[in-house]
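Colleague: Could you have a look at this structure, given as structure tokens, before my questions?
The values are calculated or read from the model by the stated rules, or taken from the named source; none is laboratory data. Predicted model only: the values in this text are computed from it and were never measured. Please note: Cβ atoms are built from the backbone with ideal geometry, for glycine as well, and neighbour counts cover all protein chains shown. Ligands, DNA and RNA are excluded from the accessible area calculation, which covers all protein heavy atoms including side chains. Shrake-Rupley method; radii C 1.70, N 1.55, O 1.52, S 1.80 Å.
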Amino acid sequence: MDHSHHSLAEDLERMLATQASRRQSLRWLFASAAAVPLASCGGGGGSSGDIVASSTTSTGSTTTTTGTCSVIPEETGGPYPGDGTNGNGNGIANALALSGIVRSDIRTSVSPGSKTAAGIPTTLKLQIVNVGASCASAAGAAVYLWHCDRDGNYSMYASGLTSENYLRGVQEADSTGSVTFTTIFPGCYSGRMPHIHFEVYPSLAKATSAANRVKTSQFTFPMATLNEAYATTAYSTSSRNLASMSYATDNVFSDGTSLQMASVSGDAVNGYVVTLTIGVSL
């Protein structure tokens with residue numbers, strides 16, 4: 001498949017990721033000057049996700065630890081957020097304003113779209129925990145999630161898909177802080193390791209405007225899963241793209257994936273179940 005339409009977007013996403021990383025570094029430097037001494041934890045890479053504080057210290061844009069849970073790193077939403085912060089050829093792209101966008105199964109577009117994304121069936125099980133409240137389950141929080149299709153295209157933005165909104169949806173966390181999305185395994189386009197974007201909101205009522213988000217981040221998948229999924233015929237383009245990339249060279253995950261690496265069970269024939277605990281500060 002021709003991914004030439006990604007070239008500008010990739011540049012934008014790389015620039016945004018770099019800016020976000022710089023902002024995180026500055027915040028960490030200012031915070032560490034006034035905080036109690038910090039001890040290194042885990043591997044290198046210089047990520048704020050490798051810092052453990054001796055007392056609870058958390059913000060919405062840095063990764064800190066209290067007890068056994070951590071705030072997931074802040075990352076760029078990329079050029080295809082569909083949250084009302086930018087536009088496409090039809091105007092402002094805002095999935096949050098669509099009737100029916102609060103849903104678990106995100107494979108088919110809601111009106112005005114009608115297409116269904118094909119691919120390996122995948123269930124996403126995310127648990128949101130509030131680091132600012134001793135890692136308690138963030139019941140009532142909301143998650144807006146989006147990702148590309150098996151061909152590497154994003155609904156609402158790609159050519160021929162500006163009226164579609166599949167692989168986008170909002171869920172309210174239940175009493176255990178959990179949300180579940182039924183989707184397909186995302187493809188791999190040139191320039192980025194495979195990933196899923198999400199935003200966390202304090203409540204479902206506030207998940208109607210990007211101004212209310214408390215966390216924007218991404219997560220990824222183990223290489224064994226990627227290699228297995230992309231060995232299937234329908235993901236052949238993804239297999240070729242993945243061969244030229246790695247986590248170490250990715251503009252988002254190069255500083256570490258310890259808090260952004262999902263666990264995966266299942267297989268490419270029967271489908272995958274993806275699980276991840278996401279720490280935020282509410």
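Colleague: With a Förster radius of 45 Å, plug the Cβ-Cβ distance of residue 269 and residue 92 into 1/(1 + (r/R0)^6) and report the FRET value to the nearest 0.05.
Modeller: Numbers: r = 40 Å, r/R0 = 0.89.
With a Förster radius of 45 Å, E is 0.65.
Colleague: Using a 1.4 angstrom probe on heavy atoms only, work out the carbon and sulfur share of the accessible area of region 197-282 in %.
Modeller: 53
Colleague: Follow-up question, since we're still on this one. When the accessible area of region 114-162 is computed with all protein chains present and a 1.4 Å probe, what percentage of it is carbon and sulfur?
Modeller: Answer for region 114-162 is 44 percent, counting heavy atoms of protein chains only.
Colleague: Moving on. In Å³ and rounded to a whole number, note down the convex hull volume per residue for the Cα atoms of region 228-282. Don't skip to the answer; put the middle values down first.
Modeller: Numbers: hull volume 6.5 nm³, N = 55.
Considering the Cα atoms of region 228-282, their hull volume per residue is 118 Å³.
Colleague: What distance in nm separates the simple spin-label points at residue 231 and residue 139, each placed 7 Å from Cα in the Cβ direction?
Modeller: With each label point 7 Å from Cα toward Cβ, the separation is 4.4 nm.
Colleague: Once you put a point 7 Å from the Cα of residue 247 and another 7 Å from the Cα of residue 190, both along the Cβ direction, what distance in nm separates them?
Modeller: Placing both labels 7 Å along Cα→Cβ, they lie 2.6 nm apart.
Colleague: Using mean Cβ contacts within 10 Å as the protection proxy, how do 246-253, 210-217 order, highest first?
Modeller: Values: 246-253: 17.2, 210-217: 18.9.
Ranked from most to least packed, the peptides come out as 210-217, 246-253.
Colleague: Okay, next question. In Å², and per residue, what accessible area does region 143-282 have when probed at 1.4 Å with the other protein chains present?
Modeller: 34
Colleague: Here is a further query. Can you tell me the length gained on complete extension of the stretch residue 180 to residue 214, counting 0.36 nm per residue apart and subtracting the Cα distance?
Modeller: 10.3 nm
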